[in-house]
Amino acid sequence: MPKHLVLIHGMFQNPASWAGWKSFFESRGYVCHVPAFPFHDGDPAGLRSAIDPRLGALTFSQVMASLTAFVDSLPEKPVLIGHSMGGFAAQKLLNSGRGVAAVAIDSAPPVGIVSLKWSFLKANLPTINPFKGNSPCLPTVEWFHYAFCNVMTQEETRAAYDAYVVPESRNVPRTASGADGRIDFKKPHPPLLLIAGEKDHIIPASLNRKNFDAYAPEAGKKDFKEFPGRSHFICGQKGWEEVATFVEGWVRENA
């Protein structure tokens with residue numbers, strides 16, 4: 001069983017969001033790595049209070065270059081576990097031969113995988129809004145509740161926001177929807193697990209299913225799991241241990 005595991009955060013998050021998962025997997029013998037996207041490292045509250053002006057120009061290709069260099073520096077190919085945009089990054093890294101297995105949780109969609117659900121449009125448009133230019137995006141608590149924490153109370157959402165939310169580049173999702181966001185769905189790949197949250201607003205479960213279905217059956221082992229009652233904050237909301245336990249079991253069997 002491979003020892004090295006890379007946890008990849010998504011947008012509006014940073015390594016702090018993986019603290020529980022890191023402890024969970026380390027207690028089971030894994031060496032866990034939690035790299036930050038460029039300009040995302042640090043205390044979330046501090047990052048919100050002093051937004052790095054370089055953040056606005058950050059692109060998805062720069063995120064991938066940073067993650068690729070990090071993975072390439074490890075002593076062995078790792079298991080890749082990513083959430084949201086980090087889930088898509090995990091798919092990209094697996095597609096380039098840089099993992100022994102990958103788990104994409106509520107993954108942002110590759111190019112060609114689309115949703116017309118109102119919740120998807122409502123949750124994503126404020127970030128990619130072209131009229132906002134390259135200004136970094138710091139979401140409101142209200143947006144975070146709708147997009148990430150819609151099955152949680154307002155009080156729970158506020159606590160999660162204070163603990164984990166960081167400013168984000170609008171150009172990461174914009175550029176991920178172009179040439180940088182392509183996946184070769186026919187290319188042979190190691191085992192891949194896609195996980196969806198039933199109640200996810202920003203990445204609906206149906207979009208995760210489309211992502212899963214796009215991979216050619218003959219390309220490699222792929223599995224899909226939908227967790228009932230879970231939002232986009234599936235890795236942090238109450239009961240996240242059930243998701244982590246399922247992932248760890250899948251990794252043991254497939255990596």
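Odds and ends about this structure:
- Rounded, prolate or oblate (a/c below 1.5 giving rounded, otherwise prolate when a/b exceeds b/c) for the chain by Cα gyration tensor: rounded
- Between PRO204, TYR161, GLY249, the Cα set farthest toward the positive side of the dipole of the range 106-255 (charges on each charged residue's Cβ, about the Cα centre) is that of PRO204.
- Dipole magnitude for the range 71-217: computed about the Cα centre from +1 point charges on Lys and Arg Cβ and -1 point charges on Asp and Glu Cβ, it is near 540 debye.
- When both the range 176-255 and the range 83-104 are represented by their alpha-carbon centers, they are found 10 Å apart.
- In order through the range 72-83: 3J(HN,Hα) via Karplus (6.51 cos²θ - 1.76 cosθ + 1.60), integer Hz, x for Gly, Pro: 5, 7, 6, x, 8, 5, x, 7, 10, 10, x, 10
- In this structure the amide hydrogen of ILE8, modeled in the peptide plane, comes within under 5 Å of the amide hydrogens of ILE81, GLY82, HIS83, none closer than 5 places in sequence on its chain.
- The slack in the chain from LYS186 to ALA216, taken as 0.36 nm per residue of separation less the alpha-carbon distance, amounts to 10.3 nm.
- In plain terms, the chain from ASN134 to LYS238 could stretch by 34.0 nm, reckoned as 0.36 nm per residue minus the Cα-Cα distance.
- Cα gyration tensor shape of the range 182-251, rounded if a/c is under 1.5, else prolate or oblate by comparing a/b with b/c: oblate
- The range 123-255 shape via C-alpha gyration tensor axes, a/c threshold 1.5: oblate
- Highest-first arrangement of 18-27, 189-198, 102-111, where packing means the average Cβ count within 10 Å: 102-111, 189-198, 18-27
- Net length available on complete extension from LYS225 to LEU125 is 33.3 nm, with 0.36 nm assigned per residue and the Cα-Cα distance removed.
- VAL31-ARG252 pseudo-label distance in nm [points 7 Å out on the Cα-to-Cβ vector]: 2.2 nm
- Net charge of the neighbourhood of GLN237, taken over other residues with C-beta under 14 Å away and scored Lys/Arg +1, Asp/Glu -1, is -3.
- Efficiency of FRET between SER96 and THR153 - r from beta-carbon atoms, R0 35 angstrom, step 0.05: 0.30
- The range 43-109, dipole about Cα centre (Lys/Arg Cβ +1, Asp/Glu Cβ -1), debye to the nearest 20: 120 debye
- Estimated 222 nm signal from helices in the chain, with DSSP H stretches of n ≥ 4 weighted -39500 (n - 2.57), rounded to 500: -11000 deg cm²/dmol
No value in this document is a laboratory result; all are computed from the given coordinates. Everything numeric here is computed off the predicted structure, so don't read it as measured data. Note that we place each Cβ from the backbone using ideal geometry, even for glycine, and neighbour counts take in every protein chain shown.
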